[in-house]
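Values in this text are rule-based calculations from the coordinates and carry no lab data. As the structure is a computational prediction, the values presented were derived from the model and not from experiment. When we count neighbours, we look across all protein chains shown, and the Cβ atoms used for this are built from the backbone with ideal geometry, even at glycine.
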Ligand SMILES: [Zn+2]
Ligand SMILES: [Zn+2]
């Protein structure tokens, strides 16, 4: 069957002003012919009723973090061991963010979805991504301690440009799923930290030191805080947040991210 091959951004799909199921199905079918849904990774067409952003093959290729990972930073350690090189021995004591855990490995499939989520104005993807985080949550016993969820904040100008903070959307969904309180006000970003790609690991940590502060210490005092972010790379951003939260009186700071770069 002939089908127009227009690659529109799948962000916006007109919705119907009425709720009849049969009309809705007919409308969805028509939309699919006009604006086919494609997989966010391999760009193959998705089933017209597919609700998820990845095709079944890409979905299967998403790797969760296996049982062997660094007990501090959550980095997968295929050869085993309790800690990675960066977190071994007394080095672990210096970190303000005591534990980092992630749901999945930041492979090409997840990258496609996260990229659209962050840079292509597709906030609706938060639902799918938070589900992935929720699915892996229970395998990490440490997360049981969490009393308060705080998303990694964006600098206010960037937040305005993007229209939303992707980490906040994830944290909102997770707070509902887990029945935990959410605080999006107390932690703020003081400056728009330059892109971190050109820094080494030490440079990244320095770059993030002092980048965040707490405006409402009373809300954090004595709390076990769980930071929420989309991707953990070196953990420098999370460490910058943890530094501010600890200074404000938080009892313990941990982090849970959707993906882990390896
Ligand atoms: Zn695919
Ligand atoms: Zn580590």
Compactness relative to 2.2 N^0.38 Å, alpha carbon Rg of region 18-169: 1.30
Taking the convex hull of Cα positions in the chain, its mean projected area over all directions (nm²): 16.1 nm²
For region 237-262 and region 136-209, distance of Cα centres in Å: 8 Å
With eigenvalues of the C-alpha gyration tensor scaled by 5 and rooted, region 151-226, Å: 24, 16, 13
Candidates 186, 22, 102, ranked by Gaussian network fluctuation over the chain, Cα under 10 Å, top entry: 22
Principal-axis tilt of helix 21-34 within the chain, Cα atoms, nearest 10 degrees: 90 degrees
Residue of 234, 184, 60 that the Gaussian network model of the chain assigns the largest fluctuation, springs spanning Cα pairs under 10 Å: 60
Degrees separating the helix 236-247 axis from the principal Cα axis of the chain, which is the longest one: 50 degrees
GNM result for the chain, Cα springs below 10 Å: residue of 236, 26, 247 fluctuating most strongly: 26
Theoretical ellipticity at 222 nm over the chain - DSSP helices of four or more residues, -39500 (n - 2.57) apiece, nearest 500: -10000 deg cm²/dmol
Label-point separation, residue 139 to residue 164 (7 Å along Cα→Cβ), nm: 2.7 nm
Rounded tilt (10° steps) of 126-137 against the dominant C-alpha axis of the chain: 50 degrees
Length-normalised contact order of the chain in % [C-alpha pairs under 8 Å, at least 6 apart]: 19 percent
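Considering only DSSP beta bridges where both residues belong to region 60-260, give the percentage that are antiparallel (nearest 5). Before the final figure, lay out each step's value.
Details: 5 of 25 bridges.
Bridges in region 60-260 that DSSP calls antiparallel: roughly 20 percent.
Where does each of 250-262, 47-59 land if you order them by average Cβ count within 10 Å, highest first?
Descending mean neighbour count gives 250-262, 47-59.
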